[in-house]
Amino acid sequence: MKRDRLRDHIVLILGAILMMGPIIVAFTTSTFDPVEIHREGMKLGWGGNFLETYKEVLFQKGGFSGEVTGALMTMNSLILGIGFAVGKIVVSMLAAYAIVYFRFPLGSFFFWVIFSTLLLPLEVRILPSYEVVQQLGLLNTYTGLILPLIASATGTFYFRQFFRSVPDELLEAARIDGAGPLRFFIDFLVPLSRTMIAAIFIIMFVVGWNQYLWPILITTDEHYFTLVRGIKQVLQTYIGANIPDYNEALAMAILAMLPPGLVVIVFQRMFIKGLVESEK
Amino acid sequence: MTEKTLVLTDVVKRYPNGALAVDRVNVDVNAGELVVFVGPSGCGKSTLLRMVAGLETVTDGSIELAGRVVNDLEPAERDIAMVFQNYALYPHMSVRKNLSYGLKNRGLPADEINRRVEEAAEILEIGAFLDRKPSQLSGGQRQRVAMGRAIVRHPAIFLFDEPLSNLDARLRNRMRVEIRKLQRRLNTAMIYVTHDQVEAMTLADRIVVLNGGRVEQIGSPAEVYGDPASTFVASFIGAPPMNLIEVGIEAGRAMRDGVALPLPPSHDGALPAKAIWGLRPERARVGDDGNGIPFTIDVVEELGASRLLHGRIGGAEFTLQQDASAPPPSQATTLLIDPRDVHLFDAETGKAL
Amino acid sequence: MKSAQFDSRFGPYLLLLPQMAVISIFFLWPAAEAVWASFFLEDPFFGTRVFVGLENYVTALTSDDYARAAWFTVIFTAVVTLATLGIGMWLAVAADNVLRGNNTYKTLLMWVYAIAPPVAGLIGVMLFDQHIGPLVDFVALFGHEMQVGVSWWDTAIAMMIVASWKQIPYTFIFVLSGLQSIPNSVREAAAIDCRSSIRRFWTVIFPLLAPTTFFLMIVNITYALFETFGIIDLMVKGEPGNNPKTLVYKVYLDGFRGNDLGGSSAQSVILMILVLALTIVQFRLIERRIHYS
């Protein structure tokens, strides 16, 4: 248990190849010329087409219809990721504060209503959700894209869990020091939740960035396409073509995975902590 | 007549689930006095303290602080300061901010806040780490900061809720002395809650012994120790506790398994047939000439300055504390007891007779 | 709940307002709508509705297409859940044993967590492509020509591989943190009692991981049922045809491609009941965990 064992290293190296291999191949292949890929298959190594391909995808034809660039889609992805994370944190922190720190008659009723949203993932109520957003005239808007995703209660639960772990004496000491509900929230809970907020932000950013089903339904105007939403578009041009633009399709995939991947790696420690502790 | 800082009149706490935590308690705290609430866990001592602080609502009765009834006031409006068992320091604020936060909320001018913080820092010798966070402090330092937060408020009364229970034994002894010195120096009334009878004895001007939400006895340490009002007080105050033996009273003598035990001189007359006979462990001597009450020794504990002899009188367990300089007795010996040291309690109610 | 709380007349309602507004408009209303619509037959051209009672449910549950999708969903979920658990746990145990390079391995093994399912699906499409896919070449070494998108079984297997691959990091992260929370003294006591490290794992470590394992099982089942939508959508290349599909994917197809609002809603409600059952199981487990820890 204290020694490094050869067998474990072998298992881990094979595991790393299993997990990272496809991504590396996807990246290296994207640097080749499509004709060469079509002839020889996916390739390891450096194709030399890197700059051209990525420049084209980013600044010319990200949506593959020529109407929207990869840069704009990245922008949209950021808006969705950040908007979703921030919205969720604000809304759920306030709700969790009410549930944990206030004595009021309907407290447990609200708790159960919020809880019930965990029972029905978006995937099982897509059609009616779509119709509601349509009736509100929110198709092809950022609001329509982001707000319905915030409806689920996961964030509220994370914060409820965290607030409950804050010792009661802290509130008591603060009350003796003259802090009312608003003061306590701003002077105590927000600063104390900093790590928690950061961890949830990271998780929610990745979740938001990676949304697929909802953007497919809500955005038909390419100017609102996110990178992940654009992946479906990539595929459609792929089908018709004689020699599909494999390189550009893969470049899009790499672009779509890079920001959330970087966030997860850079904030690895905080990310793991947030993920594991919030699920308890 | 001395001025009263705090007057508790028929204070009752009943929780919504019906549990009675505090049952008609009447206690006064005089100006500058240090009163200790002591009792086992669940006796209501902390609840009572928190009611004074305003952290628990008052079911019935009145709490009068510095001449006004404070039952319905917010904690911040009560002119109290509290030190919590786990200190409840604000983990995200520096020591300085911890001390000044409450003053700022009260709208004190900045220079007055600074003056008070510096003053408290000097008294408690925490000036060197005013800019550190609580997590960077040792247990003893945190304790001082918690007291500092109380001092800067210049309250009418200090409320200390088991403030030393998170410290190790050595530090606890030192802080105990410091708290006493501090309280003398500030000359401010204080309620100090503890389950540790040593702390109660050493700190208190007066002790309030609580049991099951009721007051068992109120008195100076000497009174509570020397003249316990009940078997509960007798066994809770003093270590090792008072020896308590169930006896039958026959013809003016206390009998246990055929052994006669002396009765206190004032109680020759009307006594019930059964009683509980009590004697402090240090109040018996080993008889040197075979006279006295037979005592069989099972275990001897050497404590350094003194020695504990655990054994039996008749069938009943009995502990004797003697000076370590006395010669260790043989296994079977006899005890000499001064009847004036003997306590008698009612067998049913446990109250002193 | 907390013993220390504020009393305030309007405060809590004000704080709950944003969350409740969003939930009511985008959750409660659509959910009620789904249940309501499941009892109607809607004509997409004339916009008329006819109440048909449970007919949509009967139609859904008795159709061959639904049965096939249900059957595939069961196999798909079982394979993905078990493969993910097995491989993720194996890797976590190895990573827990290793001291040197631990962090590098961790980084490499969890990166895939950040990849969106459709992106994973697109990479899967490429890897299993008839022309350029290296995995097709690899399988050809064993004499089988993989035809993803054409052969039902080949497509199904490719989907399972990609879906499992995507979820391994999650399992890995949780098992590893579960392993690292086992106190060293317990491992040392076990090392004194038992010489074989494999036996030690199965008799001491694995039972201690049981709560984590159960939790992951539920999470992975939920993942396989719902979150694989993007993978499947990409791997069938938007041309479902006779390709394997899960129940969730079928809800989407019938609702948005087939314009069968009632049927799609009925299927939604059936899935809701399934999720409800899973949640109840999950809660039972959490309760147990609280009791025993």
| message | Over chain C, with a Gaussian network built from C-alpha contacts below 10 Å, which listed residue (C:Y57, C:Y66, C:Y13) shows the highest mean-square fluctuation? | response | C:Y13
| query | If you average the sequence gap of Cα pairs under 8 Å that are 6 or more apart and divide by the length of segment A:2-276, what percent do you get for the contact order? | reply | 29
| task | Report, to the nearest whole %, how much of the accessible area of segment A:2-276 belongs to carbon and sulfur atoms, 1.4 Å probe, protein only. | result | 66
| query | With a Cα-only, solvent-free Debye model of segment B:70-199, what are the log10 I(q)/I(0) values at q = 0.21 Å⁻¹? | reply | -1.37
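Where the accessible area of segment C:117-247 is counted over protein heavy atoms with a 1.4 Å probe, how much of it, in %, is carbon and sulfur?
Ligands and nucleic acids excluded, carbon and sulfur reach 62 percent.
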| request: Show A:R175, C:R49 ordered by accessible area, largest first, where the area counts protein heavy atoms only and the probe is 1.4 Å. | output: C:R49, A:R175
| message | Give me the dipole magnitude in Debye, nearest 20, for segment B:243-346 about the Cα centre, with unit charges on the beta carbon: positive for Lys and Arg, negative for Asp and Glu. | response | 140
| Which FRET efficiency, nearest 0.05, do A:M75 and A:Q134 yield, Cβ-Cβ r, R0 25 Å? | 0.50
| remark: Result for interface chain A to chain C, accessible surface buried in total, 1.4 Å probe, Å² to 100, stands at 9800
| query | Restricting attention to the alpha-carbon atoms of segment A:93-171, what are Rg (one decimal) and Dmax (integer), both in Å? | reply | 15.7, 49
| remark: Averaged per residue, the 1.4 Å probe accessible area of chain C, protein heavy atoms only, in Å², is roughly 46
| Roughly speaking, what is the stretch gain from C:A21 to C:S185, that is 0.36 nm per residue apart minus the C-alpha to C-alpha distance, in nm to one decimal? | 54.0 nm
| remark: Kirkwood Rh over alpha-carbon pairs of chain B plugged into Stokes-Einstein at 10 °C, 1.306 mPa s gives a D in µm²/s of 70
| If you wrap segment B:240-319's Cα atoms in a convex hull and average its projection over all directions, what's the area in nm²? | 6.0
| message | What lysines does B:K104 reach when the alpha-carbon gap must be under 26 Å and sequence neighbours fewer than 8 apart in one chain are set aside? | response | B:K133
| field | Hz values of 3J(HN,Hα) by residue in segment B:284-293 - Karplus curve (6.51, -1.76, 1.60), Gly and Pro given as x | value | 10, 10, 7, x, 8, 10, x, 7, x, 8
| field | Of C:A210, C:A78, C:A224, the one that fluctuates the most in a GNM where chain C has Cα springs shorter than 10 Å | value | C:A210
| request: Kindly report, to the nearest 10 Å², the accessible surface of C:W36 as traced by a 1.4 Å probe over protein heavy atoms only. | output: 140
| message | On a straight-distance basis, which aspartates and glutamates could pair with B:K274 in a cross-link, Cα separation under 14 angstrom, same-chain partners fewer than 8 positions away excluded? | response | B:E246, B:E250, B:D257, B:D346, B:E348
| query | Could you give the alpha-carbon Rg of segment C:72-289 over 2.2 N^0.38 Å, rounded to two decimals? | reply | 1.18
| query | Can you give the accessible area of C:I273 in Å² (nearest 10), computed on protein heavy atoms with a 1.4 Å probe? | reply | 110
| request: Just the number, please: Stokes-Einstein D of segment B:1-71 in µm²/s, Kirkwood Rh from C-alpha pairs, 10 °C, 1.306 mPa s. | output: 127
| Which order do B:D341, B:D111 take when ranked by solvent-accessible area (1.4 Å probe, heavy atoms of all protein chains), largest first? | B:D111, B:D341
| message | Could you work out the percent of alpha carbon pairs in the protein assembly as shown separated by over 53 Å, rounded to a whole number? | response | 38
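Using a 1.4 Å probe, what is the accessible area per residue for segment B:243-346, in Å²? Could the numbers behind the result be given before it?
Numbers: 5350 Å² over 104 residues.
With the other protein chains kept in place, segment B:243-346 gives 51 Å² per residue.
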| note | Summing -39500 (n - 2.57) over every DSSP H run of at least 4 residues in the protein assembly as shown and dividing by its residue count gives a helix-only mean residue ellipticity at 222 nm, to the nearest 500 deg cm²/dmol, of -16500 deg cm²/dmol
| Taking every DSSP beta bridge that has both residues in chain B, what percent is antiparallel when rounded to the nearest 5? | 75
| query | Where does each of B:E302, A:E222 land when they are ordered by accessible area, with a 1.4 Å probe and the largest first? | reply | B:E302, A:E222
| remark: Cα-Cα pairs in segment A:106-250 separated by more than 19 Å, as a whole percent of all pairs, come to 67
| query | For segment A:2-276, what is the per residue volume of the convex hull drawn over the alpha-carbon atoms, in cubic angstrom? | reply | 188
| remark: For segment B:334-341, Karplus-derived ³J(HN,Hα) couplings (6.51, -1.76, 1.60; θ = phi - 60°; whole Hz; x for glycine and proline) come out as 10, 10, 10, 10, 7, x, 5, 8
| query | Which entries of C:K106/C:K250; A:K88/C:K245; B:K13/B:K351; A:K88/C:K166; B:K45/B:K181 show an alpha-carbon separation above 30 angstrom in the structure shown? | reply | C:K106/C:K250; A:K88/C:K245
| request: May I ask you to give the percent of accessible area on segment B:243-346 that is carbon plus sulfur, with a probe radius of 1.4 Å? | output: 48
| message | Connecting C-alpha atoms closer than 10 Å in a GNM of chain B, tell me which of B:E33, B:E162, B:E118 has the biggest fluctuation. | response | B:E118
| field | Karplus-derived HN-Hα couplings along segment B:46-56 (A = 6.51, B = -1.76, C = 1.60, θ = phi - 60°), whole Hz, x at Gly and Pro | value | 5, 4, 4, 4, 5, 5, 4, 6, x, 8, 10
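For the interface of chains A and B, what total accessible area is buried with a 1.4 Å probe, rounded to the nearest 100 Å²?
Working: alone 16550 and 16680 Å², together 31590 Å².
Summing both sides, the interface buries roughly 1600 Å².
The values are calculated or read from the model by the stated rules, or taken from the named source; none is laboratory data. All values derive from a computational prediction rather than experimental measurement. Every residue, glycine among them, receives a Cβ derived from its backbone with ideal geometry; neighbour counts consider all protein chains shown. The protein model used for the area step is the full one, side chains on, heavy atoms only, and it has no ligands, DNA or RNA in it. Shrake-Rupley method; radii C 1.70, N 1.55, O 1.52, S 1.80 Å.
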